[in-house]
Amino acid sequence: MTTTYVIGHQAPDTDAVCSALAYAQLKATDDASVTAARAGPLNPETEFVLEYWNVEPPALLEDATDERLILVDHNEHSQTVEGAAAATIVELVDHHRLGDVTSSEPIFCRIDPVGSTATIIADLFADRGVTLDRQTAGLLLSGLLSDTVVLRSPTTTERDRTVAERLAEIADVDTKAYGKTLLAQKSKLGEKSPREMVLGDFKEFSFGESTLGVGQIETVEPAPVVEQRAAILSAMDAIVAERDYDVLVLLVTDLLEEASRAFVAGEQTDRVGPALDATFTNREAFLPGVLSRKKQVVPPLESAFR
Ligand SMILES: [Mn+2]
């Protein structure tokens with residue numbers, strides 16, 4: 001039997017990993033060949049979540065060449081697992097902009113503009129009449145709360161709130177208290193080097209002729225990050241040189257203040273300020289009210305660079 005891997009994006013976050021685990025479980029109810037996978041190392045928040053819910057992490061898929069894939073939480077090739085261009089995409093469940101992934105045959109494809117992929121997958125369980133167990137509800141709630149910054153991100157919809165309530169009830173947790181714990185985990189930078197901080201939650205985009213990298217550090221305590229500003233900027237310069245990016249933007253998002261600082265690197269950084277309606281001084285700008293890379297940063301960058 002050929003294995004089908006349910007897999008999220010590179011630099012996987014909690015939504016990508018938990019959505020893959022939950023959707024693999026839903027699919028496996030009638031197709032035993034489906035299993036969850038991940039495209040990279042787990043971040044500390046996701047490690048905490050898997051330990052909390054006592055779930056084994058999905059296996060690391062290093063090369064997807066000739067494999068069958070169900071993509072969750074992404075749909076553009078710049079973010080897929082290595083080898084995905086030579087894989088067969090058999091399904092897609094996501095909440096990002098429509099990207100460039102294509103299929104050779106008609107496939108089940110579900111993209112909804114909601115706060116997390118976990119939200120959509122929780123609804124797919126309901127649609128298909130499959131009961132969520134406590135663990136899986138806990139995983140999906142974690143993905144939902146992580147992506148929506150505990151329902152505070154501007155990406156949050158009414159549907160996210162309704163689904164979160166339902167999941168919290170099944171998982172038997174208090175959303176506020178559990179959300180607070182998650183935010184603290186998200187903020188844990190531990191022994192991370194500046195380079196690891198930049199690449200920990202990182203996405204690559206191709207807009208027109210330009211290739212951009214946009215990283216985000218979400219934290220309740222930005223001071224330790226900002227104090228390492230010089231080292232972070234030189235790590236960004238090194239990444240730009242290695243990967244030939246036109247621009248690299250790093251968002252340092254203060255989850256409590258609901259604002260971000262943006263750092264820039266690359267040859268075309270002068271296009272970033274006007275795009276984000278911000279003034280950069282010494283490669284840094286303050287972005288009040290900006291929490292969401294997907295909704296508040298990527299679309300204006302795309303318009304500016306396309
Ligand atoms: Mn997501």
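The values are calculated or read from the model by the stated rules, or taken from the named source; none is laboratory data. In this text, all values refer to a predicted model and were calculated from it rather than measured experimentally. Cβ coordinates were reconstructed from backbone atoms using ideal geometry, including for glycine residues, and neighbour counts include every protein chain displayed.
Just a few scattered comments:
- Check on SER19, hydroxyl-bearing (Ser, Thr, Tyr) and either more than 23 Å from PHE202 (Cα to Cα) or surrounded by fewer than 19 Cβ atoms within 10 Å (Cβ to Cβ) (or both): no
- Here LYS180, LYS188, LYS176 are screened, and the one residue that is basic (Lys, Arg) and either over 30 Å from ALA126 (Cβ atoms) or touching a strand residue (DSSP E or B) at 6+ places or on another chain (Cβ under 8 Å) (or both) is LYS188.
- Filter result for ARG128 (surrounded by fewer than 16 Cβ atoms within 10 Å (Cβ to Cβ), of a type in the set (Lys, Arg) and more than 15 Å from HIS74 (Cα to Cα)): yes
- Lone unmet requirement of (1) out of contact with any Asp or Glu (no Cβ under 9 Å at 6 or more places or on another chain); (2) of a type in the set (Asp, Glu); (3) part of a loop (DSSP other than H, G, I, E, B) for GLU82: (1)
- Residue check for THR148: touching a residue at least 60 places away in the same chain (Cβ under 8 Å), within 12 Å of the ligand (Cβ to nearest atom), closer than 29 Å to LYS176 by Cβ and hydroxyl-bearing (Ser, Thr, Tyr): no
- Inter-residue pairs, beta-carbon under 8 Å, first closer than 11 Å to VAL198 by Cα and free of Cβ contacts under 8 Å to residues at least 40 places away in the same chain and in region 228-247, second part of a helix (DSSP H, G or I) and among the hydrophobic types (A, V, I, L, M, F, W, C), 6+ apart: ILE232/MET197; ILE232/VAL198; ILE232/VAL225; MET236/VAL198
- Any chance ALA11 is under 12 Å from the mean Cα position of the chain (by Cα), in a loop (DSSP other than H, G, I, E, B) and either modelled with pLDDT under 95 or within 14 Å of the ligand (Cβ to nearest atom) (or both): yes
- Qualifying residue in region 124-141 (condition: among the polar types (S, T, N, Q), within 13 Å of the ligand (Cβ to nearest atom), in contact with a helix residue (DSSP H, G or I) (Cβ under 6 Å, 6 or more places away or on another chain) and touching a residue at least 40 places away in the same chain (Cβ under 8 Å)): no
- Test: residue in region 106-113 that is of a type outside the set (Val, Ile, Thr), under 22 Å from TRP53 (Cβ atoms) and either part of a loop (DSSP other than H, G, I, E, B) or free of Cβ contacts under 8 Å to residues at least 12 places away in the same chain (or both): no
- Residue check for GLU47: more than 16 Å from the ligand (Cβ to nearest atom) and in contact with a Pro (Cβ under 9 Å, 6 or more places away or on another chain): yes
- Any hit, region 200-207, residues being surrounded by 20 or more Cβ atoms within 10 Å (Cβ to Cβ) and either among the aliphatic types (A, V, I, L, M) or in the same structural domain as SER116 (by TED's automatic domain parsing) (or both): no
- Matching option when the condition is out of contact with any Leu (no Cβ under 6 Å at 6 or more places or on another chain), within 13 Å of the ligand (Cβ to nearest atom) and more than 23 Å from GLU218 (Cα to Cα), among VAL17, VAL93: VAL93
- Identity of the residue in region 27-38, surrounded by 18 or more Cβ atoms within 10 Å (Cβ to Cβ) and not polar (S, T, N, Q), that ends up nearest to the ligand (Cβ to nearest atom): ARG38
- Scanning region 255-304 for residues that are of a type in the set (Val, Ile, Thr) and over 23 Å from the mean Cα position of the chain (by Cα) yields THR269, THR279, THR281.
- Subset of region 50-78 that is in contact (Cβ under 8 Å) with a residue 12 or more places away in the chain and in a helix (DSSP H, G or I) - its residue that is farthest from the ligand (Cβ to nearest atom): TYR52
- Residue within region 47-66 that is farther than 24 Å from GLY179 by Cβ and either surrounded by 19 or more Cβ atoms within 10 Å (Cβ to Cβ) or not assigned by TED's automatic domain parsing to the domain that holds GLN135 (or both) present: yes
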